[in-house]
Every structure is written in structure tokens, then in C-alpha cells.
1. Around W25, what is the net charge, scoring Lys/Arg as +1 and Asp/Glu as -1 over all other residues with Cβ under 10 Å from its Cβ?
2. Net charge around Q153, counting only other residues with Cβ within less than 12 Å of its Cβ (Lys, Arg = +1; Asp, Glu = -1)?
3. Report the local net charge at R114: Lys and Arg +1, Asp and Glu -1, summed over other residues whose C-beta lies under 14 Å from its C-beta.
4. With every protein chain in place, what's the accessible area of D85 (1.4 Å probe, Å², nearest 10)?
5. Connecting C-alpha atoms closer than 10 Å in a GNM of the chain, tell me which of V63, V75, V145 has the biggest fluctuation.
6. Under 10 Å, Cα contacts only: if you run a Gaussian network model on the chain, which one of L81, L138, L98 comes out with the highest mean-square fluctuation?
7. Can you list the HN-Hα couplings for segment 61-69, worked out from phi with the Karplus curve (6.51, -1.76, 1.60; θ = phi - 60°), rounded to whole Hz and with x for Gly and Pro?
8. Send over the Kirkwood Rh of the chain, from the inverse of the averaged 1/r over different Cα pairs, rounded to one decimal Å.
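The values are calculated or read from the model by the stated rules, or taken from the named source; none is laboratory data. These numbers come from a predicted model, not from an experiment. Ideal geometry is used to build each Cβ from the backbone, glycine not excepted, and the neighbour counts take in all protein chains shown. Only protein heavy atoms, including side chains, enter the accessible area calculation; ligands, DNA and RNA are left aside. Shrake-Rupley method; radii C 1.70, N 1.55, O 1.52, S 1.80 Å.
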Amino acid sequence: MGPKIAVLTLGLALAGTASAEDLSWFTQPAGEGGIELIYGTPDSGYAPVSFRCDRPGTPLTVVIEHEPANAEDGVAVAVLLSAGDIEVPLATTGTRLLMDELFILQGETLLDARLQGLLTSPGPLTLTIEGDRQDYPLYDAGEAVQAMLDACQTG
């Protein structure tokens with residue numbers, strides 16, 4: 001298990017159920033001057049989706065809590081991130097977190113203009129995975145998204 005998965009495992013290990021009122025976008029420090037943008041419940045470990053850069057200029061690691069039809073370690077699962085007319089395809093690999101039996105999908109993407117437009121849109125952020133659709137509000141994400149953009153962009 002690599003260091004990124006270990007940190008993410010720790011963050012997700014405390015996952016539990018949360019009401020919609022408890023969910024929000026927030027950030028926490030990551031890596032060497034990087035940051036993690038999380039949709040979940042602060043201080044609980046519940047994080048159904050997160051974006052992480054370990055230092056400025058590096059690709060974002062995207063982690064999604066989702067159990068695919070073929071939930072085996074190493075399974076490849078295509079995810080489509082979208083908001084409005086912006087779409088960002090994401091190739092992910094699945095991993096079972098043994099500590100709490102959660103299954104996560106993890107992939108990498110560049111923090112390019114398209115992804116920035118997606119995250120700064122009024123939303124919702126839609127994840128389409130194996131025909132399932134998961135929507136996450138973006139209307140209140142502006143401050144957290146801007147903190148991630150500031151920390152992850154170069155120059």
C-alpha cells in the first residue's frame with residue numbers, strides 16, 4: 001500500500017453515515033505544500049469524494065467511495081466527472097479498504113482549465129460510474145475550491 005493510499009485509508013477509515021446537512025466542501029493540508037479538497041463531513045472521516053495534490057504542479061489524485069459491480073482490488077473503472085456541459089473522464093483503479101470494508105476508486109487527472117471550470121461551476125458535480133449517477137452540490141464549494149487551486153497551481 002503506497003503512502004497516498006495509506007493517508008486516504010486513514011481518512012476514510014472513520015467513515016460513517018452523515019446527514020445531508022453535515023456535508024460540505026472543505027480542505028486540509030496534504031503532502032509537501034499540497035492540499036486535499038474534500039466533500040464530506042469535517043472531523044468525521046466521512047468523505048465520499050476528494051481531490052488531492054501533494055505539491056503545486058502535480059496531478060490531482062481523485063478518490064471516490066463507490067463499490068462497482070466487480071469489486072476486486074485492481075479493477076479498472078471508468079468515471080465521468082461532469083458539471084453543466086463540462087466533462088472530464090477519469091480512469092480509476094479500485095481498492096478494498098480492509099479496515100472498514102469500504103471500496104474506493106482512485107485515479108489521477110491534471111488540474112487543467114477544463115477541471116477548473118468543472119469545479120468552479122455552480123454545479124452540481126456529477127459522477128457517472130457504471131450507469132450510476134452521484135450528484136454533489138458545488139454552490140457552496142467556492143472558497144474550498146479556490147484554496148485548492150491556489151495551493152495546486154504552479155506559478
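1. My count for the surroundings of W25 gives -2.
2. Net local charge, Q153 excluded: -1.
3. Value of the local net charge: -3.
4. Solvent-accessible area, nearest 10 Å²: 150 Å².
5. V75
6. Top of the fluctuation ranking is L98.
7. Result, rounded to whole Hz: 9, 10, 10, 10, 7, 6, 9, x, 4.
8. When all Cα pairs of the chain are included, the Kirkwood radius is 15.5 Å.
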